[in-house]
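S.K.: Sharing a structure, written as structure tokens. Questions coming.
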Ligand code: NI
């Protein structure tokens, strides 16, 4: 991969970071079905992944999908380090997941609160499969195959939904459980997916 320094020297971004604008709900690009990645290891894919990582970290997100920065490819990134600030959330290893497929394991759905960088400042109670197997490819095209549950499974479902043009508010069963962070969780610091 090109380093951030090389990228800065090449012209575009004086800070060496490539933080991209995150599209907000209402933008039609968030409703489109994204296309599979056909070639791995290209400069275009590497640059996309750098931009996504810089953007996610800048916004302290737990995940980001390429369509959220206006790129209609089936690429998601996610990861969450356990923090005393969020004692109930398990850590999730940082993952680049390309052309993902999800297979729910069992019928059990759990409801929990989700946010999204494309729906800033809000939170909703969303049902998701508790456990699933996901497959896909990393940045080099090597296969990924994991069986996960709980928060890890939730984040994957949220991100893969972005690739199919679905934002989490459409999954909320009871819209009385949808609102602004400061009203729902006063004083809490919250991460968005
Ligand atoms: Ni999201």
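S.K.: If you scan region 34-55, which residues turn out to be within 21 Å of residue 161 (Cβ to Cβ), in contact (Cβ under 8 Å) with a residue 40 or more places away in the chain and either surrounded by fewer than 17 Cβ atoms within 10 Å (Cβ to Cβ) or under 16 Å from the mean Cα position of the chain (by Cα) (or both)?
M.R.: Correct list: 34, 36, 49.
S.K.: Among 173, 146, 133, which is more than 20 Å from residue 67 (Cα to Cα), free of Cβ contacts under 8 Å to residues at least 24 places away in the same chain and surrounded by fewer than 19 Cβ atoms within 10 Å (Cβ to Cβ)?
M.R.: After ruling out the rest, the residue left standing is 146.
S.K.: Looking only at region 98-117, which residues are within 16 Å of the ligand (Cβ to nearest atom), in a loop (DSSP other than H, G, I, E, B) and out of contact with any strand residue (DSSP E or B) (no Cβ under 6 Å at 6 or more places or on another chain)?
M.R.: Those that are within 16 Å of the ligand (Cβ to nearest atom), in a loop (DSSP other than H, G, I, E, B) and out of contact with any strand residue (DSSP E or B) (no Cβ under 6 Å at 6 or more places or on another chain): 116, 117.
S.K.: Further, regarding this structure: Among (1) part of a helix (DSSP H, G or I); (2) within 16 Å of the ligand (Cβ to nearest atom); (3) modelled with pLDDT under 95, which single condition is residue 60 missing?
M.R.: (1) is the only condition that residue 60 fails.
S.K.: Might you check whether a residue that is under 28 Å from residue 27 (Cβ atoms), more than 16 Å from the ligand (Cβ to nearest atom) and under 16 Å from the mean Cα position of the chain (by Cα) occurs anywhere in region 118-129?
M.R.: There is no residue in region 118-129 that is under 28 Å from residue 27 (Cβ atoms), more than 16 Å from the ligand (Cβ to nearest atom) and under 16 Å from the mean Cα position of the chain (by Cα).
S.K.: Within region 151-175, restricting attention to residues that are within 12 Å of residue 126 (Cβ to Cβ) and not in a helix (DSSP H, G or I), which residue is farthest from the ligand (Cβ to nearest atom)?
M.R.: Only one residue tops the list, namely 174.
S.K.: Please pick out the residue among 93, 84 that is at pLDDT below 95, surrounded by fewer than 18 Cβ atoms within 10 Å (Cβ to Cβ), over 25 Å from residue 31 (Cβ atoms) and more than 16 Å from the ligand (Cβ to nearest atom).
M.R.: Sole residue among the options that is at pLDDT below 95, surrounded by fewer than 18 Cβ atoms within 10 Å (Cβ to Cβ), over 25 Å from residue 31 (Cβ atoms) and more than 16 Å from the ligand (Cβ to nearest atom): 84.
S.K.: Additional query: Select from region 183-193 the residues that are touching a residue at least 60 places away in the same chain (Cβ under 8 Å) and farther than 28 Å from residue 100 by Cβ and list them in ascending order.
M.R.: 184, 185, 189
S.K.: So, in region 56-90, how many residues would count as being touching a strand residue (DSSP E or B) at 6+ places or on another chain (Cβ under 6 Å) and either over 22 Å from residue 36 (Cα atoms) or free of Cβ contacts under 8 Å to residues at least 12 places away in the same chain (or both)?
M.R.: 2
S.K.: Related question: For the structure I just gave you, tell me whether residue 39 is in a loop (DSSP other than H, G, I, E, B), modelled with pLDDT of 95 or more, in contact with a helix residue (DSSP H, G or I) (Cβ under 8 Å, 6 or more places away or on another chain) and away from the ligand (no atom under 14 Å from the Cβ).
M.R.: It is true that residue 39 is in a loop (DSSP other than H, G, I, E, B), modelled with pLDDT of 95 or more, in contact with a helix residue (DSSP H, G or I) (Cβ under 8 Å, 6 or more places away or on another chain) and away from the ligand (no atom under 14 Å from the Cβ).
The values are calculated or read from the model by the stated rules, or taken from the named source; none is laboratory data. Predicted model only: the values in this text are computed from it and were never measured. As a convention, Cβ positions derive from the backbone with ideal geometry for all residues, glycine included, and neighbour counts pool all protein chains shown.
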